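The values are calculated or read from the model by the stated rules, or taken from the named source; none is laboratory data. The structure displayed is predicted, hence computed values, not measured ones. Counting neighbours? That spans all protein chains shown, and the Cβs are built from the backbone with ideal geometry, glycine included.
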C-alpha cells in the first residue's frame, strides 16, 4: 500500500466519523458534505491504485455509482430513495460484472445466501408497502454479487462484499423497520469499510 492510498483511507475514516457526528447533531450541511466527501475518498483509493483492465474498471464504475447513491440517500423523499436504490442496484451489477470475469463460484455458498435472502425478505415484507418489487429485485442482485465475490481469490473482494451486504440490512432496517441513529452508527462504518476494501482490490 502506498502512502497516498493510506492517507486516502485515513481521510475516509475521519470523514465518516465527522459525518456521524453531524448526523447526531442533525447538522444538515455538514452531514451532506462529509458523506459525499467520504464517498469520493473511496473512489480516490481506487484511482490511486490505477485502473487498467475490465476488473478494475467494473469496480471503479461500482464505486462511482455508489457515490451517486450516497448523495441521493441523503434525502428523505421517496423519489430520491428510489433513485438511490437504482444507483446502488447498478453499482452491484457493475461489481458483479467485474467479479464474473475472475470468479470461480463456489456452488454451496449459494445455499446460505438463498437462506439469508428469504429471511431478510420475510423480515422486511410487512413493512415494504409499495416498495416490495424494487426491494426484491435489489436483494436478488446484491445476493448474486456476493455469491460471485465469494468465488474471487481476493480477500478484499470477499470481505468487502459481505460487509456491503450487512450494511444494506441496516439501511433497510432504518428505512422500513425501525429508524434510528444506531442503524447509521453501525451501518455506515461497515459500508465505508466495504467500499474501501473493494477499492483496494483495484490497487
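Contact annotation: residue pairs with Cβ atoms under 8 Å, 6 or more positions apart or on different chains, pairing a residue in the range 152-178 that is more than 21 Å from residue 56 (Cα to Cα) with a partner that is outside any helix (DSSP H, G or I), are 171/73; 174/180.
Scanning the range 97-120 turns up at least one residue that is closer than 23 Å to residue 63 by Cα, surrounded by 20 or more Cβ atoms within 10 Å (Cβ to Cβ) and modelled with pLDDT of 95 or more.
Scanning the range 156-196 for residues that are farther than 21 Å from residue 17 by Cβ and not in a helix (DSSP H, G or I) turns up 178, 179.
Tell me, yes or no, whether the range 41-57 has at least one residue that is closer than 26 Å to residue 179 by Cα, surrounded by 21 or more Cβ atoms within 10 Å (Cβ to Cβ) and either touching a strand residue (DSSP E or B) at 6+ places or on another chain (Cβ under 7 Å) or at pLDDT 95 or above (or both). Checked the range 41-57: no residue is closer than 26 Å to residue 179 by Cα, surrounded by 21 or more Cβ atoms within 10 Å (Cβ to Cβ) and either touching a strand residue (DSSP E or B) at 6+ places or on another chain (Cβ under 7 Å) or at pLDDT 95 or above (or both). The single condition from (1) surrounded by 20 or more Cβ atoms within 10 Å (Cβ to Cβ); (2) more than 13 Å from the chain's Cα centre (by Cα) that residue 183 fails is (1). All of (1) in a helix (DSSP H, G or I); (2) exposed (fewer than 15 other Cβ atoms within 10 Å of the Cβ) hold for residue 153 with one exception: (1). Determine, yes or no, whether residue 199 is within 23 Å of residue 42 (Cα to Cα), at pLDDT 95 or above and not in a loop (DSSP other than H, G, I, E, B). Against the criterion (within 23 Å of residue 42 (Cα to Cα), at pLDDT 95 or above and not in a loop (DSSP other than H, G, I, E, B)), residue 199 qualifies.
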